[in-house]
Ligand code: ADP
Ligand code: ZN
Ligand code: ZN
């Protein structure tokens, strides 16, 4: 008898046994369709065995064996198994987290014909008159196609509607998919001659052929990407593939372009959740089949099968978006390290502001460490950073006079400025001065944010919206006001005070439309803006050559926060934003408005001294027994009532105490954000200096929790949580 053990995307441990006479060991990792209850489901074959623990008479046969995807490789399955064990998540769900959506569907997948869209002769004649210039996306696509064949990613970078438009054009015979005979990028820019620091970093990365982790710690603009490019070139020269993980979806188009220019003869695919389903599956299969040499993706790309893998790079390794905050709560950076270990290949973690975990590992010698301390372009110096002490100044709409004057000066000099404020909307609080009422979300323990133009109050956590009230609902006072500033208020205030300035605001409200962000970036590059007002969307990775002044508005809230990671995150954020100033010929300047100009964080920032501040934070963490000196896990419970949630956690804690483990168990407490979308949340923190001891407790403890909870209570475990 041939039994297939199958992983399914269900919240049960699995695997599930099916009769599979047509399968052999070769089929481990294959995509199949099986009956599950009344439904059909896609499954992945984990094992083929002659025995089953179940009554063979009751086993059902698998329905279909798909040939559209080669079996998942052993190292991918091993990585999934590691995630299942370490994050305590069902293996089937882990495997399906890593699969592109299209391959989670029952229907067979047919790969599109070629990798690029090309204009047909018919299209070259017909299209120019067929589209009106008003159809902006179509016109842009046509111009691009007239120049070069267009990869689907690039097309989508031009317009989010590109897939639909191109499909329509294809139906008319105007475009077709094919693999271009020549590269769409004929002119590869020569690689610059390396700085000594870059050369040393590359030598260190290559000093050992197999698995090793190297932290590439380089200030913004120091040429980290150049180091990646050179290491990738060396891997490609040995017929290997390279996997590059980046935090943000909106960083991939620029990076893709830079890679395509450097490696014109190579196939580069990107993998992120913004791709159309078919595209993502196609790119994923191109990686799996070895057609793609370079795989550039966000966290989910860490599970991609890559047969000739030779190098992994995690760019901006400190970035919070590498941690998934729902479902499988994995850290793509940590999983990438595991994957590199399994494949015995080197992995580079790059950052200007490494996470303290990574930095600590480099300091203690577990990781190799390469530093790029200077900007790569000789003329580009690090910006000067100064504080503006707002405890003695009058602020108007959150802006001090020296700050507005500095903006004015840059405006006159024809240079761009960035005003950074990490809060969108008009104002974060609507407040009644008579009775102290504050507009709050009915479903969350959060304040409602005033969105003046839309005349709405919005909850940034659950999305709840309601009209702005004109009188206080508690006391009837008609004079209720917005308190504090957000991006919209700054935009309005600056438009008022610097009427000649062209202002562009960049936050999630503006960039909700898919192509809006890339449109805005190109406007900024073309000098169509004098002042940019932005949230952290603008803090990372973007290179604006004409930007010489960065103003930081409301950083103070992070200086004294209850979250022990707040200062680490704020420091990284401020260094990243500061890094936007003065990238090219123009020296950069950074102004930070603060009531606490003597805070050590700001001192370290002003002197660009990451190292001594990081060491200071590490000392504090060690004294207080916080990560990286301990490993943590959080058991979170959600219930309609906070008492139910706490009671469940109390029972859970009592159970853990019986297990006689040295792990520290804290008391259950309401979560910092205790009410979210109508449910009350509480949490129980457990920690220990040894990862193994913590994991052993979890392994014996968590399976018993199912018996403790009832239908009203939902619980999850978050390993190495980023937010407490
Ligand atoms: P990072 O990734 O650290 O921000 P980049 O690799 O993007 O830095 O480099 C910043 C700028 O310096 C880019 O314009 C890049 O082309 C340039 N650059 C990098 N290395 C060198 C070098 N060795 N010589 C001259 N220019 C360089
Ligand atoms: Zn009132
Ligand atoms: Zn809410």
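Read the figures in this text as sums done on the coordinates, not as results from a lab. Keep in mind the model is a prediction, meaning the values are calculated, not measured. Reconstructed Cβ throughout: ideal geometry from the backbone, glycine too, with neighbour counts over all protein chains shown.
In deg cm²/dmol, rounded to 500, what helix-only [θ] at 222 nm does the chain give when every DSSP H run of at least 4 residues adds -39500 (n - 2.57) and the total is split over its residues? If you can, show how the numbers build up before the last one.
On the way: 20 runs with 231 residues, N = 724.
After summing the helix terms and dividing by residue count, I get -10000 deg cm²/dmol.
Placing one identical point scatterer on every Cα of the range 433-489 and ignoring solvent, what is log10 I(q)/I(0) from the Debye formula at q = 0.15, 0.19, 0.30 Å⁻¹?
-0.42, -0.68, -1.37
For the range 456-525, max minus min Cα coordinate along each principal axis, in Å, sorted largest first?
Ordered largest first, the range 456-525 gives principal extents of 50, 32, 15 Å.
Principal axes first, then extents: for the Cα atoms of the range 635-695, list largest minus smallest coordinate on each axis, whole Å, largest first.
36, 19, 14
In vacuo Debye scattering of the range 335-448, one point per C-alpha: log10 I(q)/I(0) at q = 0.14 Å⁻¹?
-0.97
Enter the mean projected area of the convex hull around the alpha-carbon atoms of the range 484-532, in nm², rounded to one decimal. Please report the intermediate quantities before stating the final value.
Details: hull surface 14.1 nm².
About 3.5 nm², averaged over all directions.
With a ≥ b ≥ c taken as the square roots of the eigenvalues of the C-alpha gyration tensor of the range 252-300, please select rounded if a/c is under 1.5 and otherwise prolate if a/b is larger than b/c or oblate if it is not? Don't jump to the answer; show the numbers that get you there.
Values: a/c = 2.13, a/b = 1.25, b/c = 1.70.
Cα axes put the range 252-300 in the oblate bin.
Among rounded, prolate and oblate, which fits the range 209-337 when a ≥ b ≥ c are the square roots of the eigenvalues of its C-alpha gyration tensor, a/c under 1.5 means rounded, and a/b larger than b/c means prolate? The partial results should precede the final answer.
Values: a/c = 1.32, a/b = 1.04, b/c = 1.27.
It comes out rounded by the Cα gyration axes.
How do 308-318, 594-604 rank on mean C-beta neighbours within 10 Å, highest first?
Working: 308-318: 23.8, 594-604: 16.7.
Descending mean neighbour count gives 308-318, 594-604.
In Å, what is the Rg of the alpha-carbon atoms in the range 574-724, and how long is Dmax?
Expressed in Å, the Cα Rg and Dmax of the range 574-724 come to 20.9, 65.
Could you check the simple spin-label distance between residue 325 and residue 85, using points 7 Å along Cα→Cβ, in nm with one decimal?
3.0
In whole angstrom, and with the biggest value first, how far do the Cα coordinates of the range 1-46 range along each principal axis?
26, 17, 16
When you have a sec, figure out the Kirkwood radius of the range 548-615 from all distinct Cα pair distances and drop it here in Å to one decimal?
Working: mean 1/r = 0.0802 Å⁻¹.
So the Kirkwood estimate lands at 12.5 Å.
Quick one: divide the alpha-carbon radius of gyration of the range 486-580 by 2.2 N^0.38 Å and tell me what you get.
Numbers: Rg = 14.3 Å, N = 95, 2.2 N^0.38 = 12.4 Å.
Rg over 2.2 N^0.38 Å, computed on Cα atoms: 1.15.
Output the peptides 468-474, 271-277 sorted from most to least packed, where packing is the average of other Cβ atoms within 10 Å over each peptide's residues.
Working: 468-474: 13.4, 271-277: 18.9.
In descending order of packing, they fall as 271-277, 468-474.
Rounded to two decimal places and with Rh computed the Kirkwood way over Cα pairs, what is Rg over Rh for the chain? Provide the component values of the computation, followed by the final result.
Numbers: Rg = 27.3 Å, Rh = 28.2 Å.
Using only Cα positions, Rg/Rh for the chain is 0.97.
From the Cα gyration tensor of the range 401-480, with a ≥ b ≥ c the square roots of its eigenvalues, which class applies: rounded if a/c is under 1.5, or else prolate if a/b is larger than b/c, or else oblate?
On the way: a/c = 3.14, a/b = 2.05, b/c = 1.53.
Since a/c reaches 1.5 and a/b is larger than b/c, the shape of the range 401-480 is classed as prolate.
Normalized C-alpha radius of gyration of the range 87-228, against 2.2 N^0.38 Å? Mind showing how you got there, number by number?
Values: Rg = 21.9 Å, N = 142, 2.2 N^0.38 = 14.5 Å.
Rg over 2.2 N^0.38 Å, computed on Cα atoms: 1.52.
By how many nm would the segment from residue 111 to residue 654 lengthen if fully extended, with 0.36 nm per residue of separation less the alpha-carbon distance? Working shown, then result.
On the way: separation 543, 0.36 × 543 = 195.48 nm, distance 5.36 nm.
Separation in residues times 0.36 nm, less the Cα-Cα distance, equals 190.1 nm.
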